[in-house]
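One structure below.
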Amino acid sequence: MLQDKMNRYEELWKQKTCSAKEFSKIMGVSEHKARQLMRMEGFPVITIGRNKRVLLSKVDEFLDGLIGAVL
């Protein structure tokens, strides 16, 4: 069961972008908290039409800058 979950997350990480819902699952937070993160200045997000997509290759870099922060 846990291995299946890990495999699904690995597949999501192989994508270039993901939605807020997918990002919340990857991060293990609520969709509301994921959307809060996505609204932070400097967060690696692009808008395509009305859809916001997280640039997965840049997320670690952004999160490294938040070490010690309380969100």
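The values are calculated or read from the model by the stated rules, or taken from the named source; none is laboratory data. In this text the structure is predicted, and so the values were computed from the model without any measurement. When we count neighbours, we look across all protein chains shown, and the Cβ atoms used for this are built from the backbone with ideal geometry, even at glycine. Just so you know, the surface numbers come from the protein's heavy atoms only, side chains and all, with ligands and any DNA or RNA stripped out. Shrake-Rupley method; radii C 1.70, N 1.55, O 1.52, S 1.80 Å.
Quick look at the values:
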read-out: Per-region count, the stretch 39-71, residues surrounded by 15 or more Cβ atoms within 10 Å (Cβ to Cβ) and more than 10 Å from the chain's Cα centre (by Cα); value: 2
read-out: Test: residue in the stretch 57-68 that is of a type in the set (A, V, I, L, M) and in a helix (DSSP H, G or I); value: yes
read-out: So K16, is it open to solvent by 60 Å² or more (accessible area, probe 1.4 Å), free of Cβ contacts under 8 Å to residues at least 24 places away in the same chain and not β-branched (V, I, T); value: no
read-out: Scan of the stretch 28-38 for residues that are exposed (fewer than 15 other Cβ atoms within 10 Å of the Cβ) and closer than 12 Å to V59 by Cα, ordered by number; value: none
